[in-house]
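Worksheet: one structure, shown below.
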Amino acid sequence: MKTLIKILGIFALGLHLSAGFAGAEDVLINGAGATFPYPIYSKWFDEYHKLKPDLKFNYQSIGSGGGIRQIMAQTVDFGASDSPMKDTDMESAPGFLFHIPTVLGAVVVTYNIPAVTGNIKLTQAALSKIFLGTINKWNDPEIQKDNPGISFPDQPIIVVHRSDGSGTSSIFTDFLAKVSLSWSTKVGRGTSVAWPTGLGGKGNEGVVGLIKLTPYSIGYCELIYAQSNKLPIADIQNKAGKFITPSLGSVTAAAQGKIPSDFRVSITNCDAAAGYPISGFTWLLVYEKQKNAVKGKALVGFLHWMLKDGQKLAGDLGYAPLPENVNQMVEKAIMKIKVQ
Amino acid sequence: MALTNVANAPTPVIRRLKFVESVGDLVFKWSTIFFASLIILAAVWIGWELLINSSLSLKKFGLNFLWRQVWDPVMEDFGALPFIYGTLVSSTIALLFAVPLGLGVAVFLYELAPPKIADAIGFLTELLAAIPSVVYGLIGVFVIVPWVRCSLEPFLSKYLGFIPLFKGAPYGVGMLTAGLILAIMILPFIATISREIFKTVPQSLKESAMALGATRWEVLRIVTIPFSKSGILGSIFLALGRALGETMAVTMVIGNRPEIKLSLFEPGYTMAAVIANEFTEATSSLYLSTLVEVGLVLFGITILVNGIARMMIYRSHRSAGLGARA
């Protein structure tokens, strides 16, 4: 019995000491939110940890909704979201929250039509009608007329969409609602909507998997998923009437218009002539007044690094870096974060 | 004097031993009561939390929630019927496949297979239960879905297409595929438990049947199955419980469409799947509370199914008892 107590005592002491060391030096910053930017965020946190070994980030990709809930409840040090917070949420939050854009993402339309190789072109009207279910055959004249070189099969179109609530769906439905009146009245925009037609796949990988396995299907996903799975990507008509191939360049171009100072803006169906129309910012949510001085300073330091060196890492992971004018605006916004 | 010493000395020791023993028993008794009541507490607490957290949606939609077919997160208009339907239908399909298959496996392993083969197959069957459901989902997406689309559904619609259940375009994903995946997942529960139940059939009963000239099939039909009826029922309901609550594998192959269609080829949706899919991005309180209410409905259905199971097992016990006496 005595030996047991001794052993337990040694264990307790050891635990106490190790806990003591951790508490004295390391700073742990907790964040939660969007799944869409998770690959780049974990890359950034990893790289930044190498630069500042005493600083650790813990990011839980629980979804934008969860990120907004947690930052409002102050259970995390920063939140992350793919869609800007609603005004009612901003008002009920315990302090003013900055929306800090980090990178840009694109939602691309991808398809599986056997015997059709090469990129098809889709007008805004054709795309919205396909997802509304009013165009339901591939050889519909409205698809055919912009793709003179391609002979489409007489096959029903199988629409694939996300079944889980996601920022990807939010950007995509936001675009459809802007370009189609019947979409905005019948369906609307959101992380989950009542899809008029089609199958639901869970996550980007679920949608891509279904499209790959289902002939004559069409769906949408993030750019990187379509690229890494070598799926064909449709050119989408933008506001200026041009068909734009999604790429890091055309996505960054989409954000070159006027951006409001609070950054809560949707850039789908952008004015820029070279911009890809289904793009969007993703944001970090940070309180203007940081209660914990150590954590606040560390967070601001990270944000500065993210705007300079961090941006260079984005391209490899399929995210478009912020355009120069937005980058400078964000730099100014970060200065306004008050560390007490 | 020496005598009294010997006689007196042990008494306090025994008394102390008795005391220690009774304290030990008491501690044992109360600690087990405590643990057992934790289970009841946990069940009641889960029900209570679900009820409290779904109050917004309960107030807004009332009982209509159970038989409305709308699911519109944008307009915040919700009804759970397509999910209830999808859960019940996919689980029923699973049982239709898994019960005969599982019982067949159990009978073969117990009655017919040589011991070495029986052990090997028994081990593999148990292994099926240990595979994570996301792996089943992946097998479903990459193997079963293409097979269902290219072979099974065209075959069914060609020969059984006159039945509305087998009409429509073959998507591959849908209610039928979800039922098939679920059947594979719940098979080990039925097979393994039934085999263990068969082992409890008294050898003497079987031998007497054989002595009367019964064939193997007759022994099975007259002795083994009736004797283990309640156990088999129990295994089936345990499997059903698993099928009702399965999330990951189902959502990967069911098509996730909140609609009620007669055809089994059409995509559907289940309660567990919609909660898993939409919970992370449900920002508004009504939406969140609605998803919790879907959980409450699932909880209620599970309790109902288990209650029916209890009753059926109790009845089959009684009839088995009477039969034995008669």
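The values are calculated or read from the model by the stated rules, or taken from the named source; none is laboratory data. Remember, predicted model here, so these are calculated numbers, not experimental data. In this analysis, Cβ positions are derived from the backbone assuming ideal geometry, glycine residues included, and neighbour counts consider all displayed protein chains. Ligands, DNA and RNA are stripped out before the accessible areas are found, and what is left, the full protein with its side chains, is counted by its heavy atoms. Shrake-Rupley method; radii C 1.70, N 1.55, O 1.52, S 1.80 Å.
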Problem set entry | Residue match in segment A:125-136 (condition: among the β-branched types (Val, Ile, Thr) and crowded, with 22+ Cβ neighbours inside 10 Å) | yes
Problem set entry | Members of segment B:44-61 that are over 20 Å from residue B:285 (Cβ atoms) and surrounded by 12 or more Cβ atoms within 10 Å (Cβ to Cβ) | B:46, B:47
Exercise. Can we say residue B:106 is touching a helix residue (DSSP H, G or I) at 6+ places or on another chain (Cβ under 6 Å), assigned to a helix (DSSP H, G or I), away from every other protein chain (no Cβ under 14 Å) and in contact (Cβ under 8 Å) with a residue 60 or more places away in the chain?
Worked result: yes
For this session: Scan segment B:173-193 and give yes if some residue there is over 17 Å from the mean Cα position of the chain (by Cα), within 14 Å of chain A (Cβ to nearest Cβ) and either modelled with pLDDT under 90 or part of a loop (DSSP other than H, G, I, E, B) (or both), otherwise no.
Result: yes
For this session: Determine whether segment B:79-101 contains at least one residue that is buried (at least 18 other Cβ atoms within 10 Å of the Cβ), in a loop (DSSP other than H, G, I, E, B) and without any contact (Cβ under 8 Å) to a residue 24 or more places away in the chain.
Result: yes
Problem set entry | Count of segment B:62-78 residues which are surrounded by 21 or more Cβ atoms within 10 Å (Cβ to Cβ) and more than 28 Å from the chain's Cα centre (by Cα) | 1
Problem set entry | Among (1) surrounded by 22 or more Cβ atoms within 10 Å (Cβ to Cβ); (2) outside the structural domain of residue A:39 (by TED's automatic domain parsing); (3) within 24 Å of residue A:71 (Cα to Cα), the one test that residue A:270 misses | (3)
For this session: Please indicate, with yes or no, whether at least one residue in segment B:236-254 is open to solvent by 40 Å² or more (accessible area, probe 1.4 Å), without any contact (Cβ under 8 Å) to a residue 60 or more places away in the chain, away from chain A (no Cβ under 14 Å) and hydrophobic (A, V, I, L, M, F, W, C).
Result: yes
Problem set entry | Selected residue (criterion: farthest from residue B:106 (Cα to Cα)) from residues of segment B:194-235 that are open to solvent by less than 70 Å² (accessible area, probe 1.4 Å) and outside any helix (DSSP H, G or I) | B:213
For this session: Could you please find all residues in segment B:141-168 being basic (Lys, Arg) and more than 19 Å from residue B:268 (Cβ to Cβ)?
Result: B:158
Problem set entry | Subset of segment B:275-323 (residues that are within 11 Å of chain A (Cβ to nearest Cβ), touching a Leu at 6+ places or on another chain (Cβ under 7 Å) and open to solvent by less than 20 Å² (accessible area, probe 1.4 Å)) | B:278, B:282
Exercise. Quick one: is residue B:262 touching a helix residue (DSSP H, G or I) at 6+ places or on another chain (Cβ under 8 Å), more than 14 Å from every other protein chain (Cβ to nearest Cβ), touching a residue at least 12 places away in the same chain (Cβ under 8 Å) and not in a helix (DSSP H, G or I)?
Worked result: yes
